[in-house]
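Below you'll find the structure, written out as C-alpha cells, and then a few comments.
Here, each number is a calculation from the coordinates, and none is a lab measurement. Model, not experiment: these values are computed from the prediction. Glycine also receives a Cβ, built like all others from the backbone with ideal geometry; neighbour counts cover every protein chain displayed.
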Amino acid sequence: MENMNYLQGLVAGMKTLGVGLKTTMREFFTKKITEQYPENRKELVMFDRFRGSLVMPHNEQNEHKCIACGLCMTNCPNGTIEVKSKMIETEDGKKKKILDQYIYDQGICMYCQVCVRVCPQDAITFDQSFETAVFDRQKLVRQLNQPGSKCQEKKPVARPAAAPKPAEKPAVAPASAPAEAADAAEKTPKTE
C-alpha cells in the first residue's frame, strides 16, 4: 500500500512538471513583445486615459481659460496646487480677479484628477508626458500659466427670445366680448 501511494505521488509530480514545461515551451516560441524604451520614444504612445502631468492649455494668442476661482486648489487632497490671483480694475471701473500664478508641485501629486473634474472652465488637464525623472525636487514645482498670458474673454451668447407660455385664461377680456364678460361676472355667486 505504501508503494502505491509513492507511485501515485510520483505520477502526480511528473504530471504537474509536464504542465509547467508545456507552458514554458509555449512561451519560448511566442513572438517577443519587449519594449525597447529609450530607442522607441518617437513611436511610443500612451493610452487615452493616462495621467501624465497637469497642464494648462493656451491658445495661439497666449490665452488660457482659468478664472482663478481656486476650486482646484480647494479640492486638491494634498495641496499640490496653489492659485495666486490679483485684483485689477477694468476700463469700466469694475474690480476683477485675474490669475497671477498657477503653481503645480508634481512631486506630491497623486494624479487623482479631482482638480480637473471640479474645474468649471475646463482650464486644466492631464497630458501624455511620462518622463518626469529629475535629480532635484525643485524642478518638479512648475508654473502652469505662461508669462504674459491672460484669460480668454467670454463672448456673450445670443439667446433666442423665449416663446410666450400659453395662458389658461386670458388676463384681459377681448374687446369684442365685453357683454359676455359682464354676463359671466353676474352668474358667478359672490361669497362674503
Would the range 1-150 count as rounded, prolate or oblate if I go by the C-alpha gyration tensor, calling it rounded below 1.5 in a/c and otherwise prolate when a/b exceeds b/c, oblate otherwise? prolate
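What FRET efficiency comes out for R26 versus V118 if R0 is 35 angstrom and r is the Cβ-Cβ distance? Round to the nearest 0.05.
Working: r = 49 Å, r/R0 = 1.39.
The computed FRET efficiency comes out at 0.10.
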Pairwise label distance in nanometres, V11 with K94, each label 7 Å out on the Cα-Cβ vector: 9.0 nm
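Past 30 Å, Cα to Cα: identify those pairs from K86/K139; K94/K139; K96/K139; K42/K86; K84/K139; K65/K139, in the order given.
On the way: K86/K139 25 Å; K94/K139 38 Å; K96/K139 32 Å; K42/K86 41 Å; K84/K139 19 Å; K65/K139 25 Å.
Check vs 30 Å cut-off fails for K94/K139; K96/K139; K42/K86.
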Using the Karplus curve 6.51 cos²θ - 1.76 cosθ + 1.60 with θ = phi - 60°, what ³J(HN,Hα) values do you get for each residue of the range 36-48, in whole Hz, with x for Gly and Pro? 8, 3, x, 7, 9, 4, 5, 9, 6, 10, 7, 6, 4
Which parts of the range 76-90 would a label at I103 reach, counting a residue when its backbone N lies under 19 Å from a point 7 Å out along Cα-to-Cβ? 76-87
As an exercise, use a Förster radius of 25 Å and the Cβ-Cβ distance of E35 and Q146 to find the FRET efficiency, rounded to the nearest 0.05. 0.15
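Would you mind getting me the FRET efficiency between K42 and Q138? Use the beta-carbon distance for r and R0 = 30 Å, nearest 0.05. Each step should come with its number before you reach the end.
Details: r = 30 Å, r/R0 = 0.99.
My answer for the efficiency is 0.50.
Rank-order 5-12, 46-53 by packing density, defined as the average count of other C-beta atoms within 10 Å over each peptide's residues, highest first.
Working: 5-12: 9.8, 46-53: 11.9.
Result, highest mean Cβ count within 10 Å first: 46-53, 5-12.
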